[in-house]
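Participant: First, the structure itself, so that you have it in front of you.
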Amino acid sequence: MSITPDPITSEVVRNAYNAIADDMSAMIARSAYSPIIYEAHDYGIALFDRHARLLGQYAGLPLFTGGLDAGLRATIERYGLSDMRAGDVFTVNDTYITGGHLNDVDVIGVIAEGEEILGFIAIRAHWADIGTAEPGFPVNSRNIFQEGVRWGPTRIMQGGEWVWDVIDLLCLNSRVPKTLMGDLKAQIAAIRLGNERMTWLKQRFGQEVLEACATQIFDATDGKFRAFIRSIPDGVYTAQGVSDDDGVTDDPVLSKVTVTIAGDRMMVDTAGSSPQRAGNLNTGYANTVSAVRLALALLFPASEPDINDGSFRAIEVLAEPGSIYAAEAPAPCMRPHPVMLLIDLIIKSLSDVLPDHVAAGLPGDSWNIFLMGVNPATGKRFTSGEALDGGWGASAQGDGPSAIIHSAAGDFRNMPVETLEHRTPVRVNRLELGRDSGGAGRFRGGQNVVKEYEALTDMTVTLHFDRSKTPEWGLFGGEDGAPSKVTVYNEDKPEGFIVRKVEQLPLRTGDRFVAETGGGGGYGPLSERSAEALAADIADGIISRAA
């Protein structure tokens, strides 16, 4: 006899899954070795049932979470449920499977009771070093083999015991094996916590009730998203933009999107986008799917939409094999910037029919800065990595927020100045919001971030700043936000010179560089902004009197 849980039970179970993921987030954030994990929260967490259907998630890094099912399904396909037991842990980082760059490592734990597989937990986290040709987060890779060790679904724990042959291989290919193991153990500790909580949930409600609740939850969420899609007029909607270049040539990298709405179905097609490039602005298809899912979640009229297996059943995603959105080996994929642009383009394409649901141009780049060298205080090599914030686009509801992480990153956090200066021989002379950086309009785009660094010893800096050729655009007469740039000052060029993408640029002691991220796009014509709002902008230092 089938079970039909009451709505209250289903709601308790739905929230329990997300609460478990949140608890796992606290575990990994307090256990990891890398600041990119414990400070910036560069990770995603998802819970799945035995059919690899998403039950709940930690909402921190949505682009990760939206694609974790791809690595899990590949792992199940390779090993089969019959070869999985309690205490087994698997890992995969293959770009062409998971969509992430190789540093984004999926660790997958099995939830089992005896011979019965109950579900899975997947955590993707950014590992500091997996043997890239250059330390840090290279911008100059030309093929996947320069981007570190790549592996398909691989068992790293069997019955709770390390598979040491695999662990040794991973550690031997990292410049920081201690950090690698610390971060891996943090992921596994979080998985064990999640396993305990999931087992308790089964004991509390019973597996049959949990499965019936999952069916209710999925169907209800599917219905909500289909109703939203049905509210959009049927039609074909398009938008296009460019990434500045691929790091090999100065040619812009074209992204095109066609969104087709037909009843309660939404199809997103990237046909016409650039073929995969020699530089590393390519991405695996799974990442493109995740970006489309995130765009729909951002458009959905709820501040915290339900995200589970039912959320994306109404979506179909098409990408041409061998394009930047479905890269094939050996294309480099270290910096898949176009997926951030894709999110923005989907929103822009639907802006005319969803004016109250959209925002103007969003922070569409991670604006990465990596500092490398030898710390004279310790004699040891250091590598720091961070992503900077930018201005969010304005909307019909008001001005865009300032200093917000890019649209794919969610809960990703900035690197505290104190942490950076403690771990790296660098001084941050200023960290401030940029004046005149948000796009003007009836509602103003959010302000960018301006951060000035001073080298306290000789070092190198790797930079990846994009969206200068397609800045964060304005909508409905609003103006574009300020484009990003980095200005370097040294003895040879005291007046400064501008760079955006560079691999290990030498810095001497005392050299400075000023990083300026992008400002958010404005919404509506400036002529409609109230005099009171303009006066407040000037009084608050958001805009200059000249502007």
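Participant: Taking the alpha-carbon distance from residue 224 and a cut-off under 12 Å, which aspartates and glutamates remain once sequence neighbours fewer than 8 residues away in the same chain are dropped?
Facilitator: Of all the aspartates and glutamates, those that pass the test against residue 224 - Cα under 12 Å, at least 8 places apart if same chain - are 264, 306.
Participant: Explain nothing, just the number: dipole magnitude of the chain about its Cα centre with +1 on each Lys and Arg Cβ and -1 on each Asp and Glu Cβ, in debye rounded to the nearest 20. Intermediate values should be presented prior to the final figure.
Facilitator: Numbers: 48 positive and 72 negative charges, 90 e Å.
With Lys and Arg at +1 and Asp and Glu at -1, about 440 debye.
Participant: Take the eigenvalues of the Cα gyration tensor for the range 375-458, scale each by 5, and report the square roots as semi-axes in whole Å, largest first. Walk me through the intermediate numbers first.
Facilitator: Values: eigenvalues 214, 36, 11 Å².
In descending order the semi-axes read 33, 13, 7 Å.
Participant: Please give the net charge around residue 106, taking every other residue with its beta carbon less than 12 angstrom from that of residue 106, where Lys and Arg add +1 and Asp and Glu add -1. Don't skip to the answer; put the middle values down first.
Facilitator: On the way: positive: 73, 124; negative: 69, 94, 104.
Local charge sum for residue 106: -1.
Participant: Given contacts defined as C-alpha pairs under 8 Å and at least six residues apart, what's the relative contact order of the chain, whole-number percent?
Facilitator: The value is 13 percent.
Participant: Any chance you could get the radius of gyration and Dmax over the Cα atoms of the range 436-513, in Å?
Facilitator: Looking at the range 436-513, its Cα Rg and Dmax stand at 15.5, 48 Å.
Participant: Is the C-alpha gyration tensor of the range 7-221 telling us rounded, prolate or oblate? Criteria: a/c under 1.5 is rounded; beyond that, a/b larger than b/c is prolate, otherwise oblate. Don't skip to the answer; put the middle values down first.
Facilitator: On the way: a/c = 1.90, a/b = 1.70, b/c = 1.12.
Taking the square roots of the gyration eigenvalues as a ≥ b ≥ c, the range 7-221 is prolate.
Participant: Next question. At 37 °C and 0.692 mPa s, grab the translational diffusion coefficient of the range 463-547 from Stokes-Einstein with a Kirkwood Rh over Cα pairs, rounded to a whole number in µm² per second.
Facilitator: In µm²/s, the coefficient rounds to 215.
Participant: If you wrap a convex hull around the C-alpha atoms of the range 76-147 and split its volume per residue, what is the figure in Å³?
Facilitator: Per residue, the Cα convex hull of the range 76-147 comes to 94 Å³.
Participant: A further question follows. Only Lys, Arg, Asp and Glu count, each charged at its Cβ (+1, +1, -1, -1), so figure out the dipole size of the range 1-115 about its Cα centre, rounded to 20 debye. Spell out each step's value before the answer.
Facilitator: Values: 7 positive and 16 negative charges, 13 e Å.
The calculation lands at about 60 debye.
Participant: Taking K and R as +1 and D and E as -1, what net charge do the other residues with C-beta under 11 Å from the C-beta of residue 76 add up to?
Facilitator: On the way: positive: 50, 73, 78; negative: 69, 77, 83.
Around residue 76, the surrounding residues sum to 0.
Participant: For the range 359-547, what's the radius of gyration and Dmax over Cα atoms, in angstrom?
Facilitator: Every Cα atom of the range 359-547 included, Rg and Dmax give 17.5, 59 Å.
Participant: Can you give the log10 of the normalised intensity I(q)/I(0) at q = 0.07, 0.09 Å⁻¹, computed with Debye over equal Cα scatterers of the chain?
Facilitator: These q points yield log10 I(q)/I(0) values of -0.39, -0.66.
Participant: Which listed residue (133, 66, 526) has the Cα farthest towards the positive end of the charge dipole for the chain, taking +1 on Lys and Arg C-beta and -1 on Asp and Glu C-beta about the Cα centre?
Facilitator: Towards the positive end, the residue furthest out is 133.
Participant: Please compute the contact order of the range 359-547 in relative form: average sequence separation of alpha-carbon pairs under 8 Å and at least six residues apart, divided by the residue count, as a percent.
Facilitator: Working: 597 pairs, mean separation 51.9, N = 189.
After rounding, I find 27 percent.
Participant: State the Cα centre-to-centre distance between the range 458-490 and the range 343-393 in whole Å.
Facilitator: 10 Å
Participant: To the nearest Å, what is the center-to-center distance of the range 174-192 and the range 402-456, using C-alpha atoms only?
Facilitator: Taking the Cα centre of each part, the range 174-192 and the range 402-456 sit 28 Å apart.
Participant: Then there's this: What does the charge dipole of the range 198-330 about its Cα centre add up to, to the nearest 20 debye, if the Cβ of each Lys and Arg holds +1 and the Cβ of each Asp and Glu holds -1?
Facilitator: Details: 10 positive and 18 negative charges, 96 e Å.
The calculation lands at about 460 debye.
Participant: With unit charges on the beta carbon (Lys/Arg positive, Asp/Glu negative), name the residue among 149, 119, 29 whose Cα is farthest towards the positive pole of the charge dipole of the range 7-221.
Facilitator: 29
Participant: Sticking with this one: I need the peptides 325-336, 114-125 ranked by packing, meaning the mean over residues of other C-beta atoms within 10 angstrom, with the highest value on top.
Facilitator: Working: 325-336: 23.7, 114-125: 21.9.
In descending order of packing, they fall as 325-336, 114-125.
Participant: Would you mind classifying the range 261-320 by shape? Square roots of the alpha carbon gyration tensor eigenvalues, ordered a ≥ b ≥ c; an a/c under 1.5 is rounded, otherwise it is prolate if a/b is larger than b/c and oblate if not. Before the final figure, lay out the partial values.
Facilitator: On the way: a/c = 2.62, a/b = 1.79, b/c = 1.47.
Judged from the Cα gyration tensor, the range 261-320 comes out prolate (a/c at least 1.5, a/b above b/c).
Participant: Same structure again: Can you tell me what share of the DSSP beta bridges in the chain is antiparallel? A percent to the nearest 5 is fine.
Facilitator: Numbers: 87 of 92 bridges.
Given both bridge residues lie in the chain, the antiparallel proportion sits at roughly 95 percent.
Participant: Mind ordering 215-222, 507-514, 237-244 by average Cβ neighbours within 10 Å, highest first?
Facilitator: Details: 215-222: 18.4, 507-514: 16.9, 237-244: 19.9.
Per-residue Cβ counts within 10 Å, averaged per peptide and sorted highest first, yield 237-244, 215-222, 507-514.
Participant: Identify, among 403, 415, 390, the residue whose Cα sits farthest towards the positive end of the charge dipole of the range 359-547, taking +1 on the Cβ of Lys and Arg and -1 on the Cβ of Asp and Glu, with the dipole about the Cα centre.
Facilitator: Working it through, the farthest residue towards the positive pole turns out to be 415.
Participant: What pairs from 451/501; 469/501; 451/485; 348/469; 185/380 go past 21 Å between their alpha carbons? Don't jump to the answer; show the numbers that get you there.
Facilitator: Numbers: 451/501 17 Å; 469/501 13 Å; 451/485 11 Å; 348/469 17 Å; 185/380 24 Å.
With Cα atoms farther than 21 Å apart: 185/380.
Participant: List every DSSP H helix in the chain whose Cα atoms extend 18 Å or more along the helix's own long axis and whose mean Kyte-Doolittle hydropathy is at least 0.5. Mind showing how you got there, number by number?
Facilitator: Values: long enough: 7-31 (36 Å, 0.09); 177-205 (42 Å, -0.39); 207-231 (36 Å, -0.06); 285-299 (22 Å, 1.33).
The qualifying helices are 285-299.
Participant: With all pairs of different alpha carbon atoms counted, what Kirkwood hydrodynamic radius in Å does the range 253-379 show?
Facilitator: 16.0 Å
Participant: Here's something else I'd like to know. Ordered by packing density, taken as the mean number of other Cβ atoms within 10 Å over each peptide's residues, highest first, how do 158-171, 138-151, 400-413 rank?
Facilitator: Highest mean packing first, the order is 400-413, 138-151, 158-171.
Participant: Taking every DSSP beta bridge that has both residues in the range 241-371, what percent is antiparallel when rounded to the nearest 5? Before the final figure, lay out each step's value.
Facilitator: Working: 9 of 13 bridges.
Once the DSSP bridges in the range 241-371 are tallied, antiparallel ones form about 70 percent.
Participant: Below 8 Å, C-alpha to C-alpha, sequence gap of six or more: please give me the relative contact order for the range 44-187 in percent.
Facilitator: Details: 278 pairs, mean separation 34.4, N = 144.
Contact order relative to length: 24 percent.
Participant: Which shape class applies to the range 134-279: rounded if a/c is under 1.5, otherwise prolate when a/b exceeds b/c and oblate if not, where a ≥ b ≥ c are the square roots of the Cα gyration tensor eigenvalues? Walk me through the numbers on the way to the answer.
Facilitator: On the way: a/c = 3.52, a/b = 1.06, b/c = 3.33.
Because a/c hits 1.5 or more and a/b fails to exceed b/c, the range 134-279 counts as oblate.
Every read-out reported here was derived from the displayed coordinates using simple, explicitly stated rules and does not represent laboratory data. Quantities reported herein were computed from a predicted structural model and do not represent experimental measurements. No Cβ is skipped: glycine too gets one built from the backbone with ideal geometry, and neighbour counts run over all protein chains shown.
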